[in-house]
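Participant: Pasting a structure here, questions to come.
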Amino acid sequence: PGFLLVRECVRNGIEVQCLPGATAFVPALVSSGLPNDKFCFEGFLPQKKGRQTRLLALQTECRTMIFYEAPHKLKATLKDMYSYFGDREIAIVKELTKIHETVMRTSLKGAIDYFEIENPRGEYVLIIAGAEKQKEKQISEKM
């Protein structure tokens with residue numbers, strides 16, 4: 001149920017901070033503002049062999065998806081995700097619990113554009129809206 005509160009905070013520009021836990025993805029997920037009642041943790045994507053297969057298999061995943069990514073691979077990963085998932089909502093969480101902790105909430109296209117200008121630094125957790133969330137957004141935009 002905390003997702004509803006975090007989502008409203010995000011919509012209203014209220015900063016949300018989450019206490020760290022045993023893993024980086026839990027506070028990243030909570031801080032993302034995306035649904036956290038059902039999610040799948042994917043960790044790091046395969047570097048070469050199996051990468052396309054994995055992204056293709058995740059195209060129809062309805063749950064919020066969580067990935068880890070290193071800074072030197074971030075741009076390529078965002079572009080790959082955009083090609084397979086389209087322009088979904090994403091939260092990019094950097095350097096959890098550290099002085100340079102940031103949460104960027106945008107679209108995949110917005111993230112790609114941002115990192116074309118800014119050089120990625122630090123370790124990243126990527127939280128991406130599932131296919132169902134994306135369909136809901138498209139339906140509400142048409143109304």
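Read-outs: derived from the displayed coordinates by stated rules, not from any lab. Being a predicted model, the structure only gives us computed values, none of them experimental. FYI the Cβ positions are ideal-geometry reconstructions off the backbone, even for glycines, and counts take in every protein chain you see.
Participant: So, in the range 59-90, how many residues would count as being part of a helix (DSSP H, G or I), within 14 Å of the chain's Cα centre (by Cα) and among the charged types (D, E, K, R)? Write out each step before concluding.
Facilitator: To start, the set of residues in the range 59-90 that are part of a helix (DSSP H, G or I) comprises 71-85.
Restricting the remaining residues to those that are within 14 Å of the chain's Cα centre (by Cα) gives 74-75, 77-82, 85.
Narrowing the set further to residues that are among the charged types (D, E, K, R) leaves 75, 79-80.
Total satisfying the criteria: 3.
Participant: Moving on. Only one of these is within 16 Å of Val125 (Cβ to Cβ) and in contact with a Cys (Cβ under 8 Å, 6 or more places away or on another chain): Met65, Met104. Name it.
Facilitator: Testing whether each residue is within 16 Å of Val125 (Cβ to Cβ) and in contact with a Cys (Cβ under 8 Å, 6 or more places away or on another chain) leaves just Met65.
Participant: Out of Glu61, Glu101, Glu95, Glu89, report the one residue that is surrounded by fewer than 18 Cβ atoms within 10 Å (Cβ to Cβ), touching a strand residue (DSSP E or B) at 6+ places or on another chain (Cβ under 8 Å), among the acidic types (Asp, Glu) and under 20 Å from Glu132 (Cα atoms).
Facilitator: Values: Glu101 fails: under 20 Å from Glu132 (Cα atoms); Glu95 fails: under 20 Å from Glu132 (Cα atoms); Glu89 fails: surrounded by fewer than 18 Cβ atoms within 10 Å (Cβ to Cβ).
Only one candidate qualifies: Glu61.
Participant: Of all the residues that make up the range 64-86, how many are crowded, with 17+ Cβ neighbours inside 10 Å and out of contact with any helix residue (DSSP H, G or I) (no Cβ under 8 Å at 6 or more places or on another chain)?
Facilitator: 1
Participant: Output the number of residues of the range 17-52 satisfying the condition of being over 16 Å from the mean Cα position of the chain (by Cα) and in contact (Cβ under 8 Å) with a residue 40 or more places away in the chain.
Facilitator: Adding up the residues that qualify gives 1.
Participant: Of all residues in the range 16-58, which are small (Gly, Ala, Ser), surrounded by fewer than 18 Cβ atoms within 10 Å (Cβ to Cβ) and not in a loop (DSSP other than H, G, I, E, B)? Break it down stepwise before answering.
Facilitator: Looking only at the range 16-58, we keep the residues that are small (Gly, Ala, Ser), and these are 21-22, 24, 28, 31-33, 43, 50, 57.
Within this subset, residues satisfying the condition of being surrounded by fewer than 18 Cβ atoms within 10 Å (Cβ to Cβ) are 21-22, 43, 50, 57.
Those that are small (Gly, Ala, Ser), surrounded by fewer than 18 Cβ atoms within 10 Å (Cβ to Cβ) and not in a loop (DSSP other than H, G, I, E, B): Gly43, Ala57.
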